[in-house]
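Each remark here refers to the structure printed beneath this line.
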Amino acid sequence: MTLIAPSILSANFLKLSDDIQMINESEADWFHLDVMDGRFVPNISFGIPLISAIHKEATKPLDVHLMIVEPEKYFEAFQKAGANHLSIHIEACVHLHRNLQHIKSLGMKAGVAINPHTPVQLLFDILSDIDIVCIMSVNPGFGGQKFIPHTISKIKQLKAEIERQQTQTLLEIDGGVTLDNAQMIIEAGADVLVAGNTVFSANQPKEMISKLKHS
């Protein structure tokens, strides 16, 4: 069954407690939390205090996606704030293997996010150390963008390599996921769908989460 991770970036921050409760009661599997620093991506979102607050109410794992430079400086802080998964960008890490081992040593699942222009082949040598690959299907930094079609090819390539190496790596797709393309993305090999606007702009968000999960 496909995992669904609603992106809090698209939630109503003035009624965040209500949106957290909606996700708790829905068929969603994870909370997806995008942390942006205004340097790695041209936007600033939220950070450790908000994640800590969400952690107090959330009943499902916090899937934290760091779109920041020098992420290794903050691993302990995000772990203390309640992150269950921590994904770092391959483009932001000089010592990726060391960073992944550090994240795992803190008891979190270690993820690697990869931008649209970055070849998935760069992950092949390190797949056995990655719990989650977050394939960006839009350019990172803003919600509400359209899905980049070439992502389907990247999913298929990476899924084939995961199966060849027989790793337990999950493939997470982040950006432009809708009811119209969810089935195509899943058929290509995705395990986790991140959905922001699609969920939070729906008249019935819980129903939308269910429809995505059963696509």
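Brief remarks follow.
- If you go through the range 182-199 and pick out every residue that is surrounded by fewer than 18 Cβ atoms within 10 Å (Cβ to Cβ) and more than 21 Å from Leu158 (Cβ to Cβ), you end up with 1.
- Contacts under 6 angstrom Cβ, first residue in the range 1-15 being under 12 Å from Ala190 (Cβ atoms), partner assigned to a loop (DSSP other than H, G, I, E, B), 6 or more apart: Leu3/Asp29; Ile4/Ala28; Ile4/Asp29; Ala5/Trp30
- Residues that are among the small types (Gly, Ala, Ser) and in contact with a Gly (Cβ under 7 Å, 6 or more places away or on another chain), drawn from the range 97-141: Ser137
- Looking only at the range 71-119, and only at residues there that are farther than 30 Å from Pro149 by Cα and charged (D, E, K, R), the one that is surrounded by the most Cβ atoms within 10 Å (Cβ to Cβ): Glu72
- Scanning the range 127-149 finds one or more residues that are of a type in the set (A, V, I, L, M), touching a helix residue (DSSP H, G or I) at 6+ places or on another chain (Cβ under 7 Å) and part of a helix (DSSP H, G or I).
- Options Leu179, Leu158; residue that is crowded, with 22+ Cβ neighbours inside 10 Å, in contact (Cβ under 8 Å) with a residue 24 or more places away in the chain and of a type in the set (A, V, I, L, M): Leu158
- Filtered residue count, the range 31-43, keeping only those that are in contact (Cβ under 8 Å) with a residue 12 or more places away in the chain and surrounded by fewer than 22 Cβ atoms within 10 Å (Cβ to Cβ): 7
FYI, it's all coordinate maths here, none of it is from the lab. On a predicted model such as this, the values are computed, not experimentally measured, just so you know. Quick reminder, even Gly has a Cβ in these numbers, built from the backbone with ideal geometry, and neighbours come from all protein chains shown.
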